[in-house]
Amino acid sequence: MPENSDSQKLLLATLRGNKSDQTPVWLMRQAGRYLPEYRDLRAQKGGFLELCYDADAAAEVTMQPIDRFGFDGAILFSDILIVPHAMGQNLWFEAGEGPRLAPRMVESALSSLTAAPEHFEAIYATVRKVAARLDDKTTFMGFAGSPWTVSTYMLHGQGSKDHAVARKYAYRDEVAFSELIDAIIDNSVKYLLGQIEAGVDAVQLFDSWSGSLSPAQFEKWVIGPNATIISRLKDVYPEVPIIGFPKGAGDKLAAYARETGADAIGLDETVDPVVAHKNLPADIPVQGNLDPLALLAGGDALKKSAAHILETFSDRPHIFNLGHGIIKETPIEHVEKLLTLVR
Ligand code: 1CP
């Protein structure tokens with residue numbers, strides 16, 4: 001990407017620490033089920049994974065929220081479970097239930113998996129198509145799940161509420177768990193470097209389930225692996241910003257910000273903006289953190305929450321976002337209202 005076109009990207013500049021009088025905005029899960037055009041294309045393609053691996057369709061889905069709302073950032077349409085799939089686990093989605101992975105790594109050896117790197121190639125094809133379509137004001141973000149969060153799916157074979165199988169495994173079988181985390185790190189670094197080479201401007205690391213760990217486990221399995229991924233990406237692409245999103249980090253948020261080397265910190269909706277602003281390093285950009293339910297509710301709840309967040313972060317680089325993914329029942333008009341409020 002030539003430098004003169006980069007300079008027009010408000011979100012990218014904010015991630016690099018610039019404060020502008022305009023706050024950039026995008027929404028986690030902005031490409032997805034709350035959009036009728038998404039539901040149409042998904043039905044046409046037959047399912048979610050079919051959509052992910054069809055580069056034309058996935059590029060179209062990535063562009064849908066940009067074409068409709070003009071967000072400052074486009075997030076690659078893919079999923080964090082592409083990494084386990086490329087590592088050789090089978091992956092499918094049960095209708096109305098969610099992801100399934102087999103074999104479950106709690107009872108299988110890593111050495112029994114046969115890698116399927118063609119799954120990464122399909123995603124890079126999407127990245128190239130989107131990069132060719134985006135205008136020079138919109139920042140393009142790639143992503144991966146963080147190792148702890150990805151390991152919970154690989155070990156349970158599906159989503160889980162308390163991640164107990166993974167937490168027990170990490171205590172009881174630390175050597176094997178550590179090997180699994182290292183393998184996820186290696187694959188995630190490879191995958192993110194591939195996304196950057198194919199044309200993304202920045203990447204986000206989603207540690208959606210970091211909130212289920214004890215403080216010592218958080219240091220070991222959240223801060224450690226995220227720091228390793230970030231330092232390995234920075235060795236190759238020091239100028240590409242990395243957003244860390246340790247959902248549910250609570251008291252550990254400041255340690256995460258200091259110790260991982262992330263360029264910007266994503267805040268979930270349980271974080272008090274005033275407390276985060278006080279506790280985080282003064283110059284680090286933050287992203288967030290409207291409650292997805294306040295957006296769904298609309299009206300005063302939406303107005304007041306958005307205003308409070310904007311006001312609190314008015315003298316720090318800030319990217320407006322939700323604290324977690326947009327809920328599928330969210331009315332489109334509420335998204336439009338939010339954009340008016342932020343802009
Ligand atoms: O159409 C459908 O029914 C599929 C729903 C869907 C979508 C739209 C899934 C299944 N994944 C996605 C896309 C997706 N997932 C994106 C790209 C689009 C965007 O953000 O606009 C991203 C960044 C993700 C990331 C992701 N997938 C996370 C981390 C973020 C988060 O929300 O915490 C996680 C945990 C997943 C796993 C996943 N993917 C899909 C499901 C149903 C699940 C399981 C969630 C769970 O265990 O509760």
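Coordinate-derived values only; no laboratory data. Since the model is a prediction, treat every value here as computed from it, not as a measurement. Cβ: placed from backbone, ideal geometry, glycine included. Neighbour counts: every protein chain shown.
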Unit charges on C-beta of K, R, D, E only; dipole of the stretch 1-72, Debye: 320
Could you give the C-alpha radius of gyration of the chain expressed as a fraction of 2.2 N^0.38 Å, taking N as the number of residues it contains? 0.94
Ranked highest first by average number of other Cβ atoms within 10 Å, how do 68-80, 113-125 line up? 68-80, 113-125
Dipole of the chain, positive end: most advanced residue of L338, T126, L113 [Cβ charges, Cα centre]: L338
Dipole magnitude of the chain about its Cα centre, charges +1 at Lys/Arg Cβ and -1 at Asp/Glu Cβ only, in debye to the nearest 20? 420
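Would you please put 190-198, 288-296 in order of how densely packed they are, using the mean number of other Cβ atoms within 10 angstrom per residue and starting with the highest?
Working: 190-198: 19.6, 288-296: 21.4.
Output ranking for 190-198, 288-296: 288-296, 190-198.
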Of all alpha-carbon pairs in the stretch 1-154, indicate the percentage at a distance above 27 angstrom. 31
Can you give me the C-alpha center-to-center distance between the stretch 173-237 and the stretch 284-343, rounded to a whole angstrom? 28
Distance (nanometres) between label positions extended 7 Å along Cα→Cβ at A43 and A164: 4.0
Which one, V222, H308, Y153, is farthest towards the positive end of the dipole of the chain when Lys and Arg carry +1 and Asp and Glu -1 on their Cβ? H308
What Kirkwood hydrodynamic radius do you get for the stretch 238-322 when you take the inverse of the mean 1/r over all pairs of distinct Cα atoms, in Å? 13.1
With only alpha-carbon pairs counted, each pair once and no self-pairs, how large is the Kirkwood hydrodynamic radius of the stretch 8-68 in angstroms? 13.2
Per the helix-only calculation at 222 nm, which mean residue ellipticity applies to the chain, given -39500 (n - 2.57) for every DSSP H run of n ≥ 4 and division by its residues, nearest 500 deg cm²/dmol? -14500 deg cm²/dmol
For K9, give me every one of the lysines with a C-alpha distance below 16 angstrom, ignoring sequence neighbours fewer than eight places off in its own chain. K19, K137
Are there DSSP H segments in the chain that both extend 24 Å or more along their axis (alpha-carbon positions) and score a mean Kyte-Doolittle hydropathy of at least -0.5? List them, or say none. 174-198
Test item: Cα-centred dipole of the stretch 68-130, Lys/Arg +1 and Asp/Glu -1 on Cβ, debye: 160
Scattering curve values for the stretch 118-256, log₁₀ I(q)/I(0), Debye with Cα scatterers, q = 0.10, 0.17, 0.21 Å⁻¹: -0.35, -0.93, -1.26
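What translational diffusion coefficient, to the nearest whole µm²/s, does the stretch 184-310 have by Stokes-Einstein, given a Kirkwood radius computed over alpha-carbon pairs, a temperature of 25 °C and 0.890 mPa s viscosity?
On the way: Rh = 15.5 Å.
Once the numbers are plugged in, D ends up at 158 µm²/s.
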Using a cut-off of 18 Å between alpha-carbon atoms, which lysines can reach K304, once sequence neighbours fewer than 8 places away in the same chain are excluded? K337
What percent do you get for the relative contact order of the chain when only Cα pairs under 8 Å and 6+ apart count? 20
Relative contact order computed over the stretch 256-343 (Cα-Cα under 8 Å; 6+ residues apart), in percent: 34
Leaving out same-chain residues fewer than 8 places away, which aspartates and glutamates sit with a Cα under 20 Å from that of K168? E107, E179, D182, D207, E219
